[in-house]
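Taking it in order: structure first as structure tokens, then the write-up.
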Amino acid sequence: MKTLFFVLFFTLAFINYAQNFQLPKLNYEFNALEPYIDEATMKIHYEKHHQTYINNLNKALQGQDVTNLSLEDILKNVSKYSDAVRNNGGGHYNHTLFWEILTPQKNTQPTAHLKNAIEKQFGSLDSLKNLMTQKGLSQFGSGWVWLIVNSEKKLEVTSTPNQDNPLMDVVKTNGIPILGIDVWEHAYYLKYQNKRNDYLQNIWNVINWEEVSKKYEKIVPKGIFDDWSAIKEFHKVMSSTFHPSEEGDLEPIKKRSQELLDKAKSLKTSPIPNELKSKVNMATLDKLIKDCENVHKLVKSKAKDSEIIKALNQAHDTFHEIVGQCKH
Ligand code: MN
């Protein structure tokens, strides 16, 4: 009876406090990434190395109340934990991400949204690959090279030693990793021996750009107007004339009423992306054109400021009706 009580007591205590991390499922076979990453490396890397990080992480967290914390929460405050949590928590997070961003599927491509961001930041996808390869080569000893989204929502390439990662409050460059490459020898030694460069050149063949894009778009969502440049153009003129008018400054609208009208007209003549075409009511577009015509007429006839403001408000309301339609 007494024994049973203790067993029950410790079981409950364990359930209460232990955060039991587990090996995530691998979505492809160990040999699926051949010839770029060999079967034996994959098997040992996943079954032995990753599992060991998880076992040691669970051990290191025993007795600490972290039930309500995600691994990300822990890593963001990792300075408050032991080195064992830092090394093994990092190890678990990093490898989980690594398996996700690899794929046997050939020639996956980043989405247009991610590709634009890459080209804006690095010039081209190839220069990003080169930069990450160089970072991986110059990382002394074991570590990781990362593509992250930083606090300004910009892409950045960085590297960390050991099992550190950019989420941790103990590293120099913080951000959310969307692509991580393991440059520990255990990731490539069986096939590539000391030739880290060959490993880094080859790994690009099995990077899952669809998954990397998904991670990117979760952090930096695609805007509803990203594919409709005419409305972005209209919005630019609308916001730089309407907002000053709210402050009593009518100079911008007086200078640009013709331009506002032209941009409104081009909403109907420019190509509307199919996904929006079905949502936007054409009558609302006509109304917007009429509203802008009205603003322009009042400006030209040197109407009273209060009348121009009223007309511009109306055009602005109609614009937001269109925005609302696009969102549904
Ligand atoms: Mn590894």
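In nm, to one decimal, how far is the modelled label at GLU217 from the one at LYS153, with both set 7 Å along Cα→Cβ?
Inter-label distance under the simple model: 1.6 nm.
With only Lys, Arg, Asp and Glu charged, each at its Cβ (+1 for the first two, -1 for the last two), find how big the charge dipole of the chain is about the Cα centre; round to the nearest 20 debye.
500
Can you compute 3J(HN,Hα) from phi for each residue in region 236-249, using the Karplus curve 6.51 cos²θ - 1.76 cosθ + 1.60 with θ = phi - 60°, rounded to whole Hz and x for Gly and Pro?
Values, residue by residue: 4, 5, 4, 6, 8, 10, 5, 4, x, 5, 5, 8, x, 9 Hz.
Under 5 Å between amide hydrogens, which residues at least 5 positions from SER159 or on another chain qualify, with H placed 1.01 Å from N in the peptide plane?
Residues meeting the criterion, in which the H sits 1.01 Å from N, are TRP146.
What is the order of SER127, SER151, fewest Cβ neighbours within 10 Å to most?
In increasing order of surrounding Cβ atoms, one gets SER151, SER127.
If each residue of separation counts as 0.36 nm, what is the full-extension length gain between SER270 and ASP38 once their alpha-carbon separation is subtracted?
Stretched out fully, the SER270 to ASP38 stretch lengthens by 78.4 nm.
Could you pull the Cα extents of region 25-222 along its three principal axes, largest to smallest, in whole Å?
Over region 25-222, Cα extents along the principal axes are 47, 40, 31 Å.
Under 10 Å, Cα contacts only: if you run a Gaussian network model on the chain, which one of ASN68, ASN197, ASN116 comes out with the highest mean-square fluctuation?
ASN68
Could you give each residue of region 105-116 its phi-based ³J(HN,Hα) in whole Hz, using Karplus coefficients 6.51, -1.76, 1.60 with θ = phi - 60°, and x for Gly or Pro?
The phi angles translate into 5, 8, 6, 5, 10, x, 5, 4, 4, 5, 4, 4 Hz.
Could you work out [θ]222 nm for the chain from helices alone, using -39500 (n - 2.57) per DSSP H run of at least four and dividing by all its residues? Round to the nearest 500 deg cm²/dmol.
-18000 deg cm²/dmol
If r is the Cβ-Cβ distance from GLN258 to SER306 and R0 is 35 Å, what FRET efficiency results, to the nearest 0.05?
With a Förster radius of 35 Å, E is 0.95.
Which links in LYS25/LYS115; LYS290/LYS310; LYS48/LYS80; LYS263/LYS290; LYS277/LYS300 stretch past 21 Å when you go from one Cα to the other?
Table pairs above 21 Å Cα-Cα are LYS25/LYS115; LYS48/LYS80; LYS277/LYS300.
Taking 0.36 nm per intervening residue step and subtracting the Cα-Cα distance, what contour gain separates SER70 from GLN325 on full extension?
88.1 nm
Mind checking region 218-305 for GluC sites (Glu not before Pro) that DSSP puts in a loop (not H, G, I, E or B) and that have at most 12 other Cβ atoms within 10 Å?
When the GluC sites (Glu not before Pro) of region 218-305 are filtered for loop state and at most 12 Cβ neighbours within 10 Å, GLU247 remain.
So which GluC sites (Glu not before Pro) in region 125-188 end up in coil per DSSP with only 13 or fewer other C-beta atoms within 10 Å?
Those satisfying the criteria are GLU152.
Quick one: which residues, 5 or more positions from LEU179 or on another chain, have an amide H under 5 Å from its amide H? H modelled 1.01 Å from N in the peptide plane, none for Pro or chain starts.
Here the answer is LEU147, since their amide H atoms fall under 5 Å of that of LEU179.
Along the charge dipole of the chain, which of GLY248, ASN68, GLY141 sits closest to the positive end, that is, farthest toward it, with unit charges on the beta carbon of Lys, Arg, Asp and Glu (+1, +1, -1, -1)?
Most positive-ward Cα: GLY248.
In the neighborhood of PRO244, defined by Cβ-to-Cβ distances under 13 Å, what is the net charge if each Lys or Arg adds +1 and each Asp or Glu adds -1?
-2
Provide the per-residue ³J(HN,Hα) series for region 43-59, in order, calculated from phi with Karplus coefficients 6.51, -1.76, 1.60 and θ = phi - 60°, each as a whole number of Hz, with x at glycine and proline positions.
Per residue, the Karplus-derived 3J(HN,Hα) values read 5, 5, 4, 7, 6, 9, 5, 5, 4, 5, 4, 5, 4, 5, 5, 4, 5 Hz.
How big is the charge dipole of region 238-317 about its Cα centre, in debye rounded to the nearest 20, if each Lys and Arg gets +1 on its Cβ and each Asp and Glu gets -1 on its Cβ?
In debye, rounded to 20, region 238-317 gives about 360.
With everything on Cα atoms, drop me the angle between helix 305-327 and the longest principal axis of the chain, reported from 0 to 90° to the nearest 10.
40
Find the Cα radius of gyration of region 187-248, compare it with 2.2 N^0.38 Å by division, and give the number to two decimals.
2.18
Counting pairs of Cα atoms in region 229-320, how many percent are more than 16 Å apart?
Tail of P(r) above 16 Å: 49 percent of Cα pairs.
If amide hydrogens are placed 1.01 Å from N in the peptide plane, which non-local residues have theirs closer than 5 Å to the one on LEU102?
ASN208
If you fit an axis through the alpha-carbon atoms of helix 2-17 and take the longest principal axis of the Cα set of the chain, what angle between them do you get, 0 to 90°, nearest 10?
40
Arrange ILE203, ILE181, ILE219 by Cβ neighbour counts within 10 Å, fewest through most, would you?
ILE219, ILE203, ILE181
Å³ per residue of the Cα convex hull, for region 98-203?
So the per-residue hull volume is 107 Å³.
So which trypsin sites (Lys or Arg not before Pro) in region 278-328 pass both tests, a DSSP loop state and at most 16 other Cβ atoms within 10 Å of the Cβ?
In loop regions of region 278-328 (DSSP not H, G, I, E or B), the sparsely surrounded trypsin sites (Lys or Arg not before Pro) are LYS279, LYS302, LYS304.
Order 93-102, 44-53 from most to least packed using the mean count of other Cβ atoms within 10 Å.
Put in order of decreasing packing, that is 93-102, 44-53.
Read-outs throughout are calculated quantities, based only on the coordinates presented, and are distinct from any laboratory measurement. Treat the numbers as computed from the prediction; the structure is a model and nothing was measured. Ideal geometry is used to build each Cβ from the backbone, glycine not excepted, and the neighbour counts take in all protein chains shown.
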